[in-house]
Amino acid sequence: MKEIVSPLLEWFKENKRDLDWRKNKTPYTILVSEVMLQQTRVEAVRSYYKRFIEALPDFESLAKVEDTKLLKLWEGLGYYSRARNLKKCAIEIVEKYNGIFPVTYEQAIKLSGVGPYTCGAVLSLGYNLKYAAVDGNVLRVLSRYTASTFDISLEKTKQYFKQEIEKIMPNEAGTFNESLMELGATICMPKITKCEECPLKKNCKAYQQGKQLSYPLKSKPKEKRVLEYTCLFVTDGVNYILIPKEKDLLQGLPSPILIDHYITSNEAIEAVEELGFYVKNIEHLPDKKHIFTHQIWYMKGYKVYVKNLLNYQNYTREQIIEKLGISSCFKKFLDDIWN
């Protein structure tokens, strides 16, 4: 493993991508970028990152931001629990560490939303401390390099490679971690490999075997849960009721009135009237499907016109577009609602 250090650092110096979060690095900007990049492609993150940092440039501003603004800044990135945990983390850093990300692993790992990967990334890139940041890219590169038969979906495999990396970690700890991740993102990719451009091909066991795509080994993921929902978009013709989802996936995000099974239009009218509304009319909306990481939602939708919106939280079309962060699964209905 020691033989990968120099070639990787030299390769990274010449080939690293020009990314906004690699400029003017601070523990804060590193944390934000790393959280955004979880489960999200680099290209998708670019514009979100720039907008987020301009609006919330430090831990203090993030800790104080209203949830509505935070979720609007995050809108479209998905996995909204990441944004909420990021704010919790900022509050903890402001209250416990005077707005400075802690410099010890023991303190950092206890922060909300900070796991071993994020902890290692911030400490190495922000403070140049010798901690590994083992993500999917790193696991793939090292599994191929060593022809490892370890299942990368297991926590003990991640821990094993973390220990192995830290044994060989050079003084340029942050740069080394970035170089490993960069190689996995641009050369040693999941379904395509550019082995002829790889600085590690000379000693890569998978390359020598001609079995690059046979690694890494990973157990099959669990099948996605299939759920059916009915979405009731209640309106007085001008404003629309959106209320925070109470639990489970998308908890806390503004949503239409949700029924956790399919219902008919007559049943939809009854459900809305049971909430105290006088229903004037109802329109069936085209069915929608949304795929999450672990769930698939099939959704029926109704636009329900009522006499007035009573005391329920409601918003204008402009407020929904400009200020509210709502899940893309519900946004799929909006064009049909407003046309």
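Some values worked out for this structure:
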item	result
Which numbered condition Ser255 misses (of (1) surrounded by 14 or more Cβ atoms within 10 Å (Cβ to Cβ); (2) over 21 Å from Trp338 (Cα atoms); (3) small (Gly, Ala, Ser))	(2)
Hits in the stretch 54-89 - residues which are open to solvent by 30 Å² or more (accessible area, probe 1.4 Å), in a helix (DSSP H, G or I), modelled with pLDDT under 95 and small (Gly, Ala, Ser)	Ser81
Options Arg84, Arg51; residue that is of a type in the set (Lys, Arg), touching a residue at least 40 places away in the same chain (Cβ under 8 Å) and either under 21 Å from Ser327 (Cα atoms) or touching a Gly at 6+ places or on another chain (Cβ under 8 Å) (or both)	Arg84
Breaking point among (1) under 30 Å from His261 (Cα atoms); (2) open to solvent by less than 30 Å² (accessible area, probe 1.4 Å); (3) of a type in the set (Asp, Glu), for Glu182	(1)
Helices (runs of 4 or more DSSP H) within the stretch 95-192 that include 2 or more residues polar (S, T, N, Q), under 30 Å from Lys64 (Cβ atoms) and in contact with a helix residue (DSSP H, G or I) (Cβ under 7 Å, 6 or more places away or on another chain)	116-127
Which listed residue, of Val238, Val234, Val226, is exposed (fewer than 12 other Cβ atoms within 10 Å of the Cβ), β-branched (Val, Ile, Thr), over 27 Å from the mean Cα position of the chain (by Cα) and farther than 30 Å from Phe161 by Cα	Val238
Residue that is least open to solvent (accessible area, probe 1.4 Å) [pool: residues in the stretch 28-53 that are of a type in the set (D, E, K, R) and closer than 22 Å to Asp67 by Cβ]	Glu34
Selection within the stretch 295-335 - open to solvent by less than 70 Å² (accessible area, probe 1.4 Å), among the aliphatic types (A, V, I, L, M) and outside any loop (DSSP other than H, G, I, E, B)	Ile296, Met299, Val304, Val306, Ile320, Leu334
The stretch 276-318 - residue that is charged (D, E, K, R) and touching a Cys at 6+ places or on another chain (Cβ under 8 Å) and, of those, farthest from Asp236 (Cα to Cα)	Lys288
Single unsatisfied condition, Glu273 versus (1) open to solvent by less than 70 Å² (accessible area, probe 1.4 Å); (2) within 15 Å of Leu232 (Cβ to Cβ)	(1)
Residues being touching a residue at least 12 places away in the same chain (Cβ under 8 Å) and of a type in the set (Gly, Ala, Ser) - total across the stretch 208-249	2
Glu92 modelled with pLDDT under 95, among the charged types (D, E, K, R) and surrounded by 14 or more Cβ atoms within 10 Å (Cβ to Cβ)	no
Residues within the stretch 252-294 that are in contact (Cβ under 8 Å) with a residue 12 or more places away in the chain, part of a loop (DSSP other than H, G, I, E, B) and of a type outside the set (D, E, K, R), tallied	13
Any hit, the stretch 159-168, residues being out of contact with any strand residue (DSSP E or B) (no Cβ under 7 Å at 6 or more places or on another chain), surrounded by 21 or more Cβ atoms within 10 Å (Cβ to Cβ) and closer than 30 Å to Ser6 by Cβ	yes
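The values are calculated or read from the model by the stated rules, or taken from the named source; none is laboratory data. These figures come from a predicted structure and were not determined experimentally. Here the Cβ is made from the backbone with ideal geometry for all residues, glycine too, and neighbour counts use every protein chain on show. We work out accessible area using only protein heavy atoms, side chains counted, and drop any ligands, DNA or RNA first. Shrake-Rupley method; radii C 1.70, N 1.55, O 1.52, S 1.80 Å.
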